[in-house]
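Only the coordinates and a few stated rules stand behind these numbers; no lab work does. It should be emphasised that the depicted structure is a prediction, and the values quoted were computed from it without experimental measurement. We place every Cβ from the backbone using ideal geometry, glycine too, and count neighbours over all the protein chains shown.
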Amino acid sequence: MRLLHTSDWHLGRTLHGVNLHEAQSAVLERICELVEDPPDGIPVDAVLLAGDVYDRGVPPVESVQLFEWTLSRLSAVTTVVVTSGNHDSSIRLGYGAGLFRETIRMVTDLGQIDLPVQLEDSNGVQAAVYGIPYLDPDHARVALAGGGEPLPRSHQAVVGAACDRIRADLAERPGVRSVVLAHAFVAGAEPSDSERSIMVGGVDRVAGTVFHGLDYAALGHLHGTQAPDGAAGSVVRYSGSPLRYSFSEQDHRKVVLLVDLDATGPARVTPVEIVQPRAMATLRGRLDELLESADFAGAEDAWVRVTVTDRIRPDSLMDRLKSRFPYALQVFHEPEGAIDRGRAGTTVVSERDPRELGADFIAYVTKTEASGGEVDVFEAGFEAAVRAQHRAEAQEVA
Ligand SMILES: [Mn+2]
């Protein structure tokens, strides 16, 4: 049994204001090619898409079209199982769940948690694939309580209850391999800067052991691929997003996971790299270095964030950076040798030496120590202003 696990497509997302539709189209094209023409020739029996298909509940029309196009290509050659994430509207994403019957299986309804998609491969290996849509604890603690007292208000309680239902169904299917899709934050895994918090009552995590007794947990939510701990005999994985959605992911190798299940034994997982349509880089230096040094040539076509360290913020900074780095998205100014000087506090300003006052003012504005020449200029201006003030007062008296 060969499965392809992916998640967190976030169609419709932007990166610092830049529309990512083309980049998303490119990575989905790559995923379609992998399924249509697998690298080792082993056919993919199902694609598992573990939530956050869209970036928001009401996605842009171009994203809806891209998803429909991708779904139609994939479902022509394999079964596609889709669950909703915390960014999706489960009802909007689930449109058609009751209409699509064969190779498109939208599992966005809590009531279908223990109704698996049943697969059988060419060797007769059988698998039951269960989908857990993202569970909002406030809703799910009542919905999964079976008419009794609400469950505790936590992700652990509701995901645990969902898995209990799945294990109960699985008990009726001896010899069948089990796979669960879930959208959750498993303890021990690392977040990045592009996930939205799902904190409830100060806790956002579930233990990886919540999936005990299930052969493979295909997780979504975290955008870096990783393997958190699960129970013995149970393989738990995040595929991560197929595209980088924040600079915190600039060093992520983005992948989809090929998962192989035989009639017995643990799931075997093989990552397949999804080449990124555009690199991502973080640069730091003085503006003249950034614009001229050969060291930065590799970043000219990348999405970049730049920290400029000139003592004085250069004019037209973004325009000048974009002349070399047209895909610059973020610019910060951190002057070299910056100091962190507190405000002057309660000192009575008029009693202070003008040179000291000037040095403080220049340091405050430029975040660097003032030079002697700068203080000279300040002092000359200060004295000129005092003389002008005295002259004005003298004229009033006259
Ligand atoms: Mn996500």
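What ranking do 176-183, 216-223 get when scored by the average of other Cβ atoms within 10 Å per residue, highest first?
Values: 176-183: 25.4, 216-223: 28.9.
Those peptides, ordered most packed to least, come out 216-223, 176-183.
Treating only the Cβ of Lys, Arg, Asp and Glu as charged (+1, +1, -1, -1), what charge dipole size does the range 353-397 show about its Cα centre? Round to the nearest 20 debye. Kindly include the intermediate steps, with their values, before the conclusion.
On the way: 4 positive and 10 negative charges, 28 e Å.
Using Cβ point charges on Lys, Arg, Asp and Glu, the range 353-397 gives about 140 debye.
For the chain, set up a Gaussian network in which alpha carbons nearer than 10 Å are linked by springs, and say which option among 75, 371, 234 fluctuates the most. Per the Cα network of the chain with a 10 Å cutoff, 371 tops the list. Could you tell me which of rounded, prolate or oblate describes the range 77-174, using a ≥ b ≥ c as the square roots of the eigenvalues of the alpha-carbon gyration tensor, with rounded for a/c under 1.5 and, failing that, prolate when a/b is larger than b/c and oblate otherwise? The shape class here is oblate. Within the chain, antiparallel bridges make up roughly 30 percent of the DSSP beta bridges whose residues both belong there. Can you give me the C-alpha center-to-center distance between the range 270-284 and the range 50-121, rounded to a whole angstrom? Between the Cα centre of the range 270-284 and that of the range 50-121, the gap is 27 Å. Couplings 3J(HN,Hα) of the range 202-208, computed from phi: x, 10, 10, 10, 10, 7, x Hz, in residue order, whole Hz [Karplus 6.51 cos²θ - 1.76 cosθ + 1.60, θ = phi - 60°; x for Gly and Pro].
The charge dipole of the chain, taken about its Cα centre with unit charges on the Cβ of Lys, Arg, Asp and Glu (plus for the first two, minus for the last two), comes to roughly 720 debye. Of the residues 53, 200, 129, the one that moves most in a GNM of the chain with alpha-carbon contacts below 10 Å is 200.
So which chymotrypsin sites (Phe, Trp or Tyr not before Pro) in the range 1-106 pass both tests, a DSSP loop state and at most 13 other Cβ atoms within 10 Å of the Cβ? Please report the intermediate quantities before stating the final value.
Details: sites: 9, 54, 67, 69, 95, 100; in loops: 9, 95, 100.
For chymotrypsin sites (Phe, Trp or Tyr not before Pro) across the range 1-106 that sit outside H, G, I, E and B with at most 13 neighbouring Cβ atoms in 10 Å, the list reads 95.
Ordering 314, 371, 25 by the projection of their Cα atoms onto the charge dipole of the chain, which places +1 on the Cβ of Lys and Arg and -1 on the Cβ of Asp and Glu, puts 25 at the extreme positive end.
Taking the Cβ of each residue in 134, 327 as the centre, tally the other Cβ atoms inside 10 Å and list the residues starting with the fewest. Could the numbers behind the result be given before it?
Working: 134 24, 327 17.
Ascending number of Cβ neighbours within 10 Å: 327, 134.
Amide H to amide H distances under 5 Å link residue 328 with 304, where only residues 5 or more positions off or on other chains count and H is placed in the peptide plane.
Using the Cβ-Cβ distance between residue 333 and residue 379 with R0 set to 25 Å, the FRET efficiency works out to roughly 0.40.
The mean sequence distance of close C-alpha pairs (under 8 Å, at least 6 residues apart), as a share of the length of the range 68-169, puts its relative contact order at 21 percent. Note on residue 284 and residue 101: the model spin-label points, each 7 Å out from Cα along the C-beta direction, lie 6.1 nm apart. Across the range 286-293, computed HN-Hα scalar couplings (Karplus, 6.51 cos²θ - 1.76 cosθ + 1.60, θ = phi - 60°) run 6, 4, 5, 5, 4, 7, 10, 5 Hz from first to last residue, x flagging Gly and Pro.
Shape class for the chain, computed from the alpha carbon gyration tensor (a ≥ b ≥ c): prolate, with a/c not under 1.5 and a/b above b/c.
List the trypsin sites (Lys or Arg not before Pro) within the range 98-147 that fall in a DSSP loop (any state other than H, G, I, E or B) and whose Cβ has at most 12 other Cβ atoms within 10 Å.
Working: sites: 101, 105, 141; in loops: 101.
Hits after loop and neighbour filter: 101.
Over the chain, what is the relative contact order in whole percent, taking alpha-carbon pairs under 8 Å and six or more residues apart?
Details: 800 pairs, mean separation 49.5, N = 398.
Over the chain, the number comes to 12 percent.
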